[in-house]
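Here's the structure, in structure tokens; my notes come after.
No value in this document is a laboratory result; all are computed from the given coordinates. Worth saying up front: this structure is predicted, and the values here are computed from it rather than measured. Positions of Cβ are generated from backbone atoms using ideal geometry, with glycine treated the same way; all protein chains shown enter the neighbour counts.
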Amino acid sequence: GVSSPSQGPAIFSGELTDVAGSSSPYSPIEQVPMAAAQATPLAPVPQGSRARLKASVVTLEAVDTTAGEPRFNGDVADTASFKIERSNGVGSARVRYSIAGTARNRVDFEKLTGVVTFAPGQTVAYVTIDPLTDTRVEPTEKVVLKLIRSNAYAIGPSSSGMATIRDAGDEDDSTEAQ
């Protein structure tokens with residue numbers, strides 16, 4: 001229906017119906033003054049077209065900020081993780097992020113692609129930092145992920161996060177010596 005506040009713009013909600021009587025579940029989000037809406041004829045929505053209702057706002061945050069290399073005896077690594085969230089689940093979406101820090105992709109941790117793909121309806125995805133075993137003694141290293149701008153989404157206030165990877169030699173070995 002159309003609501004027309006006495007001095008405000010008209011707002012449309014519901015289904016769009018084209019001249020042939022076909023309807024579409026899409027609803028415009030723009031507010032248009034009533035005089036302009038009445039002066040502009042409606043164009044039919046082509047079959048199979050997708051209306052872009054609202055750009056999704058995407059955020060990134062580190063949710064598990066400490067990872068540890070696996071010990072050389074085959075123990076499993078302690079992982080770190082980042083949460084990437086989008087404000088709506090309309091359609092599929094690809095969100096890009098950069099990888100920086102002192103830890104190196106594919107050298108200090110399993111390969112990250114720099115892209116998260118959201119399926120339709122999905123609003124949250126996780127990027128896991130899975131440290132690799134190496135024989136070098138090294139200081140704690142940092143992994144920084146940062147969202148990359150795109151016309152397909154807006155970046156929210158939380159756009160980057162940092163996690164650390166502890167060297168296998170940094171962990172307390174006193175419980176294993178017997």
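Between VAL137 and ASP64, the distance separating the two model label sites (each 7 Å from Cα on the Cα→Cβ line) works out to 2.8 nm.
Enumerate the residues in the range 69-102 having an amide nitrogen under 20 Å from the point lying 7 Å beyond the Cα of THR123 toward its Cβ. Inside the label zone: 82-96. Taking θ as phi - 60° and the Karplus parameters 6.51, -1.76 and 1.60, the scalar couplings of the range 124-141 work out to 10, 9, 10, 10, 9, 9, 10, x, 9, 6, 9, 9, 7, 8, 9, x, 4, 10 Hz in sequence order, x denoting glycine and proline. Convex hull volume of the Cα atoms of the range 67-146, normalised per residue: 86 Å³.
In sequence order, the range 92-104 has phi-based couplings of 8, 8, 10, 10, 9, 9, 9, 10, 9, x, 7, 7, 9 Hz under the Karplus curve 6.51 cos²θ - 1.76 cosθ + 1.60, θ = phi - 60°, and Gly or Pro positions carry x. Around LEU147, with a cut-off of 15 angstrom between Cβ atoms, what is the net charge of the other residues, counting Lys and Arg +1 and Asp and Glu -1? Once all neighbours under 15 Å are counted, the net charge is +4. For the peptides 114-121, 91-98, 58-65, 161-168, the ranking by packing is 161-168, 58-65, 91-98, 114-121, with the highest mean count of neighbouring Cβ atoms within 10 Å listed first. Amide H to amide H, with H built 1.01 Å from N, SER159 comes under 5 Å of LEU60, counting only residues 5 or more places away or on other chains.
If the segment from ARG149 to ARG104 were pulled out straight at 0.36 nm per residue, it would be longer than the present Cα-Cα gap by 13.9 nm.
Computed from backbone phi with θ = phi - 60° and the Karplus coefficients 6.51, -1.76 and 1.60, the 3J(HN,Hα) list for the range 147-152 is 5, 9, 4, 7, 6, 7 Hz; x is used for glycine and proline.
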